[in-house]
Amino acid sequence: MLRNRRSDLLVAYLLTAPFILVYAWLFVWPVVQMVMLTFTDAPLIGDGKAVGFANYERMFKDPIFFKAIWNTSYFVLLTVIPGTAVALGIALMVSRLGGWLQSAVLAAFFLPYILPVTVVYVIWDWLTNVQFGMLQSVLEWVTGRPVNLWRAIPWFMPSVAVITIWWTNGFSILLFLAGLRNIPKDLYEAAALDGATRWQMFSRITWPLIWPITVLCLTIQLILQLKIFDQVYLFATGGRTQATMVLVQYIYEQAFQKNASGYAATIALALFVIVVVFSVLQFQLLRIRGQK
Amino acid sequence: MSTDPTARDTSQSTALSHLARSPAGILLTLLTLICAAIWFFPIYWALITSLRSDQATVQEFGMLPTEPTLSGYIFAIVNSELPIWYLNSTIVSVSVTVLVVFMSACTGFAISQLNFPGRRVLWWTILASFMVPITALIVNHFIIIAGVDLLNTHIGMILPMLLSPVTVIVYKQFFDGLPKEFREAAVMDGATELQVFLRVFLPMNWGVTTALSIITFIGAWNSFLWPFLVAQDEKMMTVTVGVSAVQDAYGVAYGRVLAGAVLASLPVALAYLFFQRRVTQAITLSAGIKG
């Protein structure tokens, strides 16, 4: 019996060993190292001197850091709630359909989600090209002249937000569809027999029952969009990046272009704390839902 | 008044299908189709442009190419490093998929079914890493990978991509949901824990394993920031990184650029189209809801 127990332990450690090694080396250690770096003036490669809280003082006085926080928040505002609303609308439209028509329509809405970000960038860069882009005719109709979306600062973030919604919405659409499918059909049938209107069915049955999924989508999107980098970086290349700087981009710039990984780590820690706060909130929300 | 349940059923479903076939219902279906067409248009337009010659991309604006040509594709394959990028992407994505799924299944099983000291600490570390932005660690990942001299290598590219707490969480929850009797019966028959895992638990969830493999593969193929940082010369780039490099090099030759983009998305697009149901399952599982 004792031997059996010992061999069980051996199996447990055997099974978890690769995972533990990877996590200790590439998760736990980097987190510790990040915190240690914030107290030094280290370059990207090599050691730095201890500088106490200088990086933190610099960060709280750094206008570009606050610019990056502002731009990131602005981007979150432009994508999270509008994106979730659009996803719910699409899911409601798709869920009405059946058979092959539903699969085809869903595929049309979902396909962007599986594209690499650089492909998304190339597709939209072509669509919005100042000289030859298809979308310029739409823009001209609105503004009266072609607009270079990626060099005109007021246009930049909203444009990236629209493209991001187009790109990432498939995820929320699938969650909403799963949620809609779980609503018992007889509720609608009973309501239809009672002569309820379409709007009453939505506001009294669908909306209250889909609300937990809505909260889930909102929080997942919020955490995802706080980490925005790829699209902003790709669309801003060659432009004035400071005006449209987001947090992860600022980390990247400080570490890999300014060779200041001590300061980069400090900004990374700030992002870290912001995301953890929201994640803990999300976790609590899910736990409350789970206990019900 | 009939109490026959089937009779009630038909009357109710006609009440609903009547609503679907009403003029408003048809209009709504039409609106849905128009929205889907608009949503899909950017992809359609990219496909069409990729089939046009350089001349035609800036002169033709019709919905179909008048003289479809594969010259963009041929150019992208012959004149860029695309074949090597494809090889890099395949090596990295397949390795990441195999390793992540294997490690997650093992760890999920151990945490769910076995009792060992450190089990709770391990579970909390996984939950913690799930709540933390891995992107914030890029600088440290770069320093660590540079420290062991693995920059600009496949292994260096693969390593930080192995952090995938969601996969472990999904496996653990799946194993939690299986009846304990399976394991007890197998252990009674003299099976070791390893045999229980390999012969009883894993075969019971090939569906989950397939779903997680596909979504992990798509994620690895598409990841941008880390491969972009690690690949220091063109020969080490993945397709996803390479597409933007081509864009910078070709300038306005959009036919070629988009041909490269189409080729870059082909594997993930096919993975989705063939395994639509599994992708849906993986996404709902990873969000913690039952599809």
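The values are calculated or read from the model by the stated rules, or taken from the named source; none is laboratory data. The structure presented is a predicted model; accordingly, all values stated were derived computationally and were not measured. Ideal geometry is used to build each Cβ from the backbone, glycine not excepted, and the neighbour counts take in all protein chains shown.
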Residues satisfying the stated conditions in the range A:26-57, i.e. loosely packed, with under 15 Cβ neighbours inside 10 Å and more than 26 Å from the chain's Cα centre (by Cα): A:Met36, A:Pro43, A:Ile45, A:Gly46, A:Asp47, A:Gly48, A:Lys49, A:Ala50, A:Gly52, A:Phe53, A:Glu57
Looking only at the range B:94-111, and only at residues there that are buried (at least 20 other Cβ atoms within 10 Å of the Cβ) and away from every other protein chain (no Cβ under 11 Å), the one that is nearest to B:Glu184 (Cα to Cα): B:Val101
Selection status of A:Gly195, out of contact with any Gly (no Cβ under 9 Å at 6 or more places or on another chain) and either surrounded by 15 or more Cβ atoms within 10 Å (Cβ to Cβ) or modelled with pLDDT of 90 or more (or both): no
Qualifying residue in the range B:48-55 (condition: without any contact (Cβ under 8 Å) to a residue 40 or more places away in the chain and over 28 Å from the mean Cα position of the chain (by Cα)): yes
Residue check for A:Val122: assigned to a helix (DSSP H, G or I), crowded, with 17+ Cβ neighbours inside 10 Å and free of Cβ contacts under 8 Å to residues at least 40 places away in the same chain: yes
Scope the range A:225-252; condition in contact with a Lys or Arg (Cβ under 8 Å, 6 or more places away or on another chain) and aromatic (Phe, Trp, Tyr); matching residues: none
Which listed residue, of A:Thr164, A:Thr206, is β-branched (Val, Ile, Thr) and touching a helix residue (DSSP H, G or I) at 6+ places or on another chain (Cβ under 6 Å): A:Thr164
Lone unmet requirement of (1) in contact (Cβ under 8 Å) with a residue 60 or more places away in the chain; (2) of a type in the set (Val, Ile, Thr); (3) surrounded by 23 or more Cβ atoms within 10 Å (Cβ to Cβ) for A:Thr244: (3)
Residues located in the range A:74-107, provided they are within 10 Å of chain B (Cβ to nearest Cβ) and buried (at least 22 other Cβ atoms within 10 Å of the Cβ): A:Ile90, A:Val94, A:Val105, A:Leu106
Subset tally (residues that are under 20 Å from B:Ser95 (Cα atoms), of a type in the set (Gly, Ala, Ser) and modelled with pLDDT under 95) for the range B:128-171: 1
Residue within the range B:145-166 that is among the β-branched types (Val, Ile, Thr), more than 17 Å from B:Met103 (Cα to Cα), surrounded by fewer than 20 Cβ atoms within 10 Å (Cβ to Cβ) and within 8 Å of chain A (Cβ to nearest Cβ) present: no
Evaluation of B:Trp123 against (1) in contact with a Lys or Arg (Cβ under 9 Å, 6 or more places away or on another chain); (2) at the interface with chain A (Cβ under 8 Å from one of its Cβ atoms); (3) surrounded by fewer than 20 Cβ atoms within 10 Å (Cβ to Cβ) (one fails), failing number: (2)
Residue list for the range A:247-275, restricted to those being without any contact (Cβ under 8 Å) to a residue 40 or more places away in the chain, of a type in the set (Val, Ile, Thr) and more than 7 Å from chain B (Cβ to nearest Cβ): A:Val273
Residue check for A:Asn71: more than 12 Å from chain B (Cβ to nearest Cβ) and in contact with a helix residue (DSSP H, G or I) (Cβ under 8 Å, 6 or more places away or on another chain): yes
Entirely in the range A:17-118, the helices (runs of 4 or more DSSP H) that have 2 or more residues that are in the same structural domain as A:Val232 (by TED's automatic domain parsing) and within 25 Å of B:Thr240 (Cβ to Cβ): A:63-96, A:99-110
Per-region count, the range B:176-196, residues assigned to a helix (DSSP H, G or I) and surrounded by fewer than 22 Cβ atoms within 10 Å (Cβ to Cβ): 12
Count of residues meeting criterion [part of a helix (DSSP H, G or I), within 10 Å of another protein chain (Cβ to nearest Cβ) and of a type in the set (Gly, Ala, Ser)] in the range B:197-232: 1
